[in-house]
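Since every read-out is calculated from the coordinates, none of them should be taken as a lab result. Note that the structure is predicted; figures quoted are calculated from it, not measured. Reconstructed Cβ throughout: ideal geometry from the backbone, glycine too, with neighbour counts over all protein chains shown.
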């Protein structure tokens, strides 16, 4: 398989979500035209995107929803279980632990870690909150693959560096910083305040155009 | 000013974050070369991006950090106050309400809303949690500009439609759906599970290339 462009990859989870909805509505086949209406993108973009993976569709027949859903799921690595722990058991960490969909999609959250004595010992949907001093042994002993960082930026950087030494190769980073870790470590960022700024950019752009 | 491309806009918050860090380190000027090293992008991309806004820099002199920070802040609409309420006072809603940086950047979170009697009346950094039945009157009476939706997708869609009727024109949407609202309404999505899928895509891509 050729290297898929970043732009296409970034659209795959959205295809996956729409195909999941179609499945739940018991729709078995869908044409690129119908799918494009639902997703509010052009049919030709859909065909081009899915052609990256060999197509999946037949002319005049449309896509088999269940098959396409499963194939995109495999591409997204959702056909295997991913062990994840959460560092930072505040509201954001607990929100992620409690988010039921993650478990249904092959993510196994086994523990949360925090230094706050008021949180340590608390039960969450993602397991108990453990003292952060056990984090490094825990990830080594339990084959943890992904660490979600839901804590402020200063501790996040230090903890990430130590986790890399323990063999962690993938971070889901909510800290307000770009983790400085070596290039072969996978980091996916969720910068909430940057998302909010994109929103206010658009508000301000709209207001400026109305005032013209 | 010409219409700025989406790609450039999406990079502005990151410039803003780095410039804020430079300010805090009391750095007054920075060349595009130094900035590019810090941000791990090419100096030519930085120059091109900032040229969209008239440049800000002088050849051989570099950028004035404070000035550039303020100008990008204005572009991002951060020079005015934005009133926001949060619908859904679970862990995610509370995480956003408690996130101090938002307040420092001109976001005024005045209330949270929920239908859960156990949450109603609770004090948070974003104000009290109010009964959702007061939401529509509240946004009309208090000139609320942005509504953050941190609740499941079914109620999110219905509530968003009613809020649009009340005059809300901007949503920060965490619900696992693309809000079906008319095109002049601004929606900025944070789809957490899609971000996590991008991470597992990269893990699976890396594993496949190692197994070849």
Could you give the angle, 0 to 90 degrees to the nearest 10, between helix A:192-210's Cα long axis and the longest principal axis of the Cα atoms of chain A?
50 degrees
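Arranged by the count of other C-beta atoms within 10 angstrom, fewest first, what order do A:69, B:18, B:67 take?
Values: A:69 20, B:18 17, B:67 14.
By the 10 Å Cβ count, ascending: B:67, B:18, A:69.
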Could you check which residue among A:97, A:175, A:43 shows the biggest mean-square fluctuation in a GNM of chain A with a 10 Å Cα cutoff?
A:43
Classify the protein assembly as shown from the C-alpha gyration tensor, please: rounded if a/c falls under 1.5, else prolate or oblate depending on whether a/b exceeds b/c.
rounded
A student applying the Cα gyration tensor rule (rounded when a/c is under 1.5; otherwise prolate if a/b is larger than b/c, oblate if not) would label chain A prolate
What's the average, rounded to a whole number, of partner chain beta-carbon atoms within 10 Å of each residue's beta-carbon in A:7-19?
3
Using only Cα atoms, find the angle between the long axis of helix B:6-24 and the longest principal axis of chain B, and express it within 0 to 90 degrees, rounded to the nearest 10.
80 degrees
Per 0.36 nm of contour for each residue apart, how much would the distance between residue B:185 and residue B:4 grow if the chain were fully extended, relative to their Cα-Cα spacing?
63.3 nm
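For A:154-165, what's the mean count of beta carbons from other chains sitting within 10 Å of each residue's beta carbon? Mind dumping the intermediate values first?
Numbers: counts 0, 0, 0, 0, 0, 0, 0, 0, 0, 0, 0, 0.
Per residue, the average neighbour count from other chains is 0.
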Could you check which residue among A:115, A:33, A:128 shows the biggest mean-square fluctuation in a GNM of chain A with a 10 Å Cα cutoff?
A:33
Going by how many other beta carbons lie within 10 Å of each one, how would you line up B:139, A:164, A:190, fewest first?
A:164, A:190, B:139
For every helix of n ≥ 4 consecutive DSSP H residues, a contribution of -39,500 (n - 2.57) applies; sum these over chain A, divide by its total residues, and give [θ] at 222 nm rounded to the nearest 500 deg cm²/dmol.
-14000 deg cm²/dmol
Quick check for you: which residues of the range A:178-212 have the amide N under 14 Å from the point 7 Å beyond the Cα of residue A:161 toward its beta carbon?
A:179-182
Listing A:112, B:192 by rising number of other beta-carbon atoms within 10 angstrom, fewest first, gives B:192, A:112
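Can you give the mean number of other chain Cβ atoms that lie within 10 Å of the Cβ atoms in peptide A:74-81?
Details: counts 1, 5, 11, 12, 5, 2, 4, 0.
Taking the mean over all residues of the peptide, I get 5.
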Tell me, what is the percent relative contact order of the range A:101-212, built from C-alpha pairs under 8 Å that lie six or more residues apart?
16 percent
How far apart are the residue A:206 label points across copies, placing each 7 Å from Cα toward Cβ, in nm, shortest first?
3.9
Treating the angle as unsigned and between 0 and 90°, give the value, to the nearest 10°, between the Cα long axis of helix A:65-75 and the longest Cα principal axis of chain A.
40 degrees
Under the convention of a label 7 Å out along Cα→Cβ, give the distances in nm from residue A:70 to the same position in every other copy, shortest first.
6.2
Between chains B and A there is a rotation axis; tell me the chain B residue with the nearest beta carbon and how many whole Å away it sits.
B:91, 2
Going 7 Å from Cα along the Cα-Cβ axis for the label, what nanometre distances separate residue A:42 from the same residue across the other copies?
2.7
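In terms of the Cα gyration tensor, with a ≥ b ≥ c the square roots of its eigenvalues, is the range A:82-194 rounded because a/c is under 1.5, prolate because a/b exceeds b/c, or oblate? List each step's numbers first, then the result.
Numbers: a/c = 1.25, a/b = 1.23, b/c = 1.02.
Rounded is the answer for the range A:82-194, as its axis ratio a/c remains below 1.5.
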Label-point separation in nm, residue B:25 to residue A:37, each point 7 Å along Cα→Cβ:
5.5 nm
